[in-house]
Amino acid sequence: MAAAGCCRRVEPAHVSSVGAVGSLLEELTARLDADCIQTDPEVIAAYSQDRAIFERAGTADVLVMPRNTDEVVAALQAAAAAGAPVVTRGAGTGLCGGANASDGCVILSLHRMNRVLHIDVANRMARVQPGVLNGDLKRAVAEHGLFYPPDPASYEISSIGGNVATNAGGLCCVRYGVTRDYVMGLEVVLANGDVIRTGRTTIKSTVGLDLTGVFVGSEGLLGVITEVTVKLIPLPAPPCTAVAYFPDLPSAGDAILQIFREGFEPSLMEIVDQACLRQVNAVFGMGLDTDAACLLLIQSSGDRAEWAIERMAALCVQHGATEVHHVADPAEGDMFVEVRRRVWPAFERLGKAMLPEDVAVPRERLAELLAGIVEIGERHRVALPTIGHAGDGNMHPLLVFDGNDADETARAQAAFADIVALALSLGGTIAAEHGVGTLKRRFVEREVEAVHLAWQHRVKATFDPTGMLNPGKAL
């Protein structure tokens with residue numbers, strides 16, 4: 001009973017006032033250069049919202065833009081002295097409200113901390129500031145023949161710090177894993193201004209508790225990440241690619257399972273449903289089979305990539321695929337993958353509100369999840385085109401609706417909740433790679449049992465006893 005009693009949210013009661021704002025600005029200006037502090041309401045508002053369109057952002061008091069760790073320390077100490085909450089922001093590409101402003105908060109934007117500090121070729125690691133964009137890091141290490149695998153769809157515009165804070169995934173997770181698997185160490189500023197370094201610069205270390213793992217995926221609740229040491233791998237050879245159209249979802253699900261049962265390890269396995277195929281074809285004229293229930297995209301890399309892709313393509317045929325193509329040429333393979341990448345731009349042409357769901361189930365339940373999403377869309381009369389990472393069971397139904405129509409918005413929200421419930425009923429998770437933020441906070445207790453959740457709140461209270469860091473998010 002004692003543990004369950006600890007399951008409380010540590011959130012400061014903060015009501016912004018003229019006096020409180022004045023005190024906060026006094027504390028900040030005493031510690032930071034003027035060009036780190038922004039008080040223009042329009043500029044602050046531009047930094048106060050991520051891409052979770054269902055989620056309301058509060059009104060921040062000030063925007064702080066530090067250039068280094070010392071300035072982050074100064075900002076947190078100033079906020080603590082003034083009793084103000086702090087919301088840390090990366091590139092603002094999040095989809096769960098995790099970087100949305102709280103009323104009366106300091107928005108701490110790390111976009112100016114954007115340097116690749118060191119690339120260690122011999123030990124295959126890099127040390128970067130949190131504002132470095134994922135795509136920029138990939139290009140920087142590729143010059144040394146190395147590869148940083150995590151690749152969220154927003155890799156060209158999302159930051160490493162944000163990727164770490166949400167434990168971001170991506171198209172290549174099926175083989176390479178998620179962000180957590182490539183974080184070797186962190187520099188973190190705690191709520192009281194203390195700076196800690198987790199992990200080591202050695203490849204192996206067993207000293208002490210793994211606090212690196214505690215901070216990865218913590219969504220800004222425990223501290224501000226100011227430096228990240230990431231693991232790198234040798235740059236892989238260009239992959240071979242296959243595409244397969246299926247007449248129904250169960251056939252595609254059977255093919256996916258058989259590929260893994262036979263020991264294959266695709267480097268990418270994506271699924272695109274019929275609604276997405278039709279919209280991409282209508283906008284971009286790619287000659288797609290719009291009568292198919294779905295398209296399965298597969299890539300394989302390594303020494304036997306061509307043999308593996310041929311075999312996986314053959315398994316798709318055996319399980320009912322109506323049309324299958326496979327290529328070894330990287331340029332042709334990129335054209336196939338472009339179908340997946342063009343889904344979001346194709347639906348943007350409709351001029352409607354869009355929000356991608358993010359749920360995952362075990363591979364063997366994938367076909368049931370996809371069929372259930374279709375039923376939910378029909379029942380709520382909401383468009384739910386679906387794409388996702390078929391290789392790891394992580395689906396992204398895309399809610400497409402008129403955000404100015406209150407009834408349609410309500411139906412979209414109901415569909416959203418039903419998809420979450422469906423994923424849980426299939427042994428899945430409510431949030432695979434986008435995080436929880438405010439968008440899915442109300443669902444957390446459905447997935448995480450009470451005693452476990454109570455201990456998570458204890459961890460939060462240990463690192464942030466006053467609850468000043470990202471209040472009202474994730475837990």
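The values are calculated or read from the model by the stated rules, or taken from the named source; none is laboratory data. Everything quoted here is computed from the prediction, not taken from an experiment. Don't worry about glycine lacking a Cβ; one is built from the backbone with ideal geometry, like all the others, and counts go over all protein chains shown. Heavy atoms of the whole protein, side chains included, go into the accessibility calculation; ligands, DNA and RNA do not. Shrake-Rupley method; radii C 1.70, N 1.55, O 1.52, S 1.80 Å.
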Subset of segment 418-443 [closer than 22 Å to Thr93 by Cα and either open to solvent by 30 Å² or more (accessible area, probe 1.4 Å) or without any contact (Cβ under 8 Å) to a residue 12 or more places away in the chain (or both)]: Thr429, Ala432, His434, Thr438, Arg441, Arg442
Before we move on, is Arg115 at pLDDT 95 or above and not acidic (Asp, Glu)? yes
Could you tell me which numbered condition Thr241 fails, if it satisfies all but one of (1) of a type in the set (Ser, Thr, Tyr); (2) open to solvent by less than 20 Å² (accessible area, probe 1.4 Å); (3) more than 17 Å from Met312 (Cα to Cα)? (3)
Which condition from (1) within 25 Å of the chain's Cα centre (by Cα); (2) assigned to a helix (DSSP H, G or I) is the one that Ala75 breaks? (1)
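Among the residues of segment 162-193 satisfying the criterion of being assigned to a helix (DSSP H, G or I) and open to solvent by 20 Å² or more (accessible area, probe 1.4 Å), which is farthest from Ala99 (Cα to Cα)?
Arg175
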Flagged in segment 194-234 as part of a loop (DSSP other than H, G, I, E, B) and either at pLDDT 95 or above or in contact with a His (Cβ under 8 Å, 6 or more places away or on another chain) (or both), in numbering order, are Asp194, Val216, Gly217, Ser218, Glu219, Gly220, Leu221, Leu222, Gly223, Leu232
Does segment 368-385 contain at least one residue that is modelled with pLDDT of 95 or more, outside any helix (DSSP H, G or I), buried (at least 16 other Cβ atoms within 10 Å of the Cβ) and in contact with a Cys (Cβ under 7 Å, 6 or more places away or on another chain)? yes
Report whether or not Ala75 is modelled with pLDDT of 95 or more, hydrophobic (A, V, I, L, M, F, W, C) and open to solvent by less than 10 Å² (accessible area, probe 1.4 Å). yes
Residues of segment 284-308 being in contact with a His (Cβ under 9 Å, 6 or more places away or on another chain) and either on the phi > 0 side of the Ramachandran plot or open to solvent by less than 40 Å² (accessible area, probe 1.4 Å) (or both), which ones? Ile298
Being charged (D, E, K, R) and closer than 30 Å to Asp358 by Cβ is the filter; apply it to segment 33-57 and report the residue that is least open to solvent (accessible area, probe 1.4 Å). Asp50
Looking only at segment 89-108, decide whether some residue is out of contact with any Asp or Glu (no Cβ under 8 Å at 6 or more places or on another chain) and farther than 28 Å from Asp358 by Cα. no
Can you find a residue in segment 77-96 that is out of contact with any Leu (no Cβ under 9 Å at 6 or more places or on another chain) and more than 20 Å from Ile160 (Cα to Cα)? yes
Against the condition at pLDDT 95 or above, in contact with a Gly (Cβ under 8 Å, 6 or more places away or on another chain), of a type in the set (A, V, I, L, M) and open to solvent by less than 30 Å² (accessible area, probe 1.4 Å), how does Ala60 come out, does it pass? yes
All positions within segment 153-191 that are aromatic (Phe, Trp, Tyr) and in contact with a Pro (Cβ under 9 Å, 6 or more places away or on another chain): Tyr176, Tyr182
Please state which one of Ala153, Ala122, Ala140 is farther than 30 Å from Ala82 by Cα, out of contact with any helix residue (DSSP H, G or I) (no Cβ under 6 Å at 6 or more places or on another chain) and in a helix (DSSP H, G or I). Ala140
Given the conditions (1) surrounded by 24 or more Cβ atoms within 10 Å (Cβ to Cβ); (2) within 18 Å of the chain's Cα centre (by Cα), and given that Thr93 satisfies all but one, which numbered condition is not satisfied? (1)
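Residue-wise test of (1) in contact with a helix residue (DSSP H, G or I) (Cβ under 7 Å, 6 or more places away or on another chain); (2) surrounded by 19 or more Cβ atoms within 10 Å (Cβ to Cβ); (3) among the charged types (D, E, K, R).
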position: Glu310; (1), (2), (3): no, no, yes
position: Thr322; (1), (2), (3): no, no, no
position: His325; (1), (2), (3): no, no, no
position: Arg340; (1), (2), (3): no, yes, yes
position: Leu355; (1), (2), (3): no, yes, no
Give the residues of segment 444-474 that are in a loop (DSSP other than H, G, I, E, B) and over 19 Å from Arg89 (Cβ atoms), sorted by residue number. Val448, Glu449, Pro465, Thr466
